[in-house]
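What follows is a set of notes on a single structure, which appears directly below.
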Amino acid sequence: MSQPLIFNFRLYVAGDALNSAQALSNLTSLCRTRLPDRHQIEVVDVYLEPKRALADGIFMTPTLIKLTPSPSQKMVGSLNRIQPLLLMLGLETPTA
């Protein structure tokens with residue numbers, strides 16, 4: 001039997017800003033319902049690690065990066081629009 005596909009995320013936030021907290025909450029909720037036991041979320045606070053954010057090309061927060069599975073993708077915002085997020089993650093297919 002093959003291993004389940006693990007989704008690795010990196011979420012860049014700006015301290016405890018409201019939109020950053022919403023993004024983390026929305027991502028956590030989605031992962032619990034759609035990817036139980038198949039996800040890892042790394043949170044990077046750009047206030048604490050500004051050089052890392054710049055090195056990774058992060059200029060807005062919150063920014064979500066899906067690291068795996070390939071291809072790597074970015075999404076900016078509070079992640080409150082579920083449909084585009086599901087499409088980015090490959091959990092739903094586009095409708096015509």
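Each reported figure results from applying straightforward, stated rules to the coordinates on display, with no laboratory input. Values in this document were obtained by computation on a predicted structure and should not be read as measured data. Every residue, glycine as well, gets a Cβ built from its backbone with ideal geometry; the counts of neighbours run over all protein chains shown.
Some points to look at:
- The charge dipole of the chain, taken about the Cα centre with unit charges on the Cβ atoms of Lys, Arg (+1) and Asp, Glu (-1), comes to about 180 debye, rounded to the nearest 20.
- Share of Cα-Cα pairs in region 14-78 lying beyond 15 Å, as whole percent: 54 percent
- Among 71, 40, 25 the positive-end extreme of the charge dipole of the chain (Cβ point charges): 71
- As a proxy for reagent exposure, ranking 45, 37 by other Cβ atoms within 10 Å from fewest up yields 37, 45.
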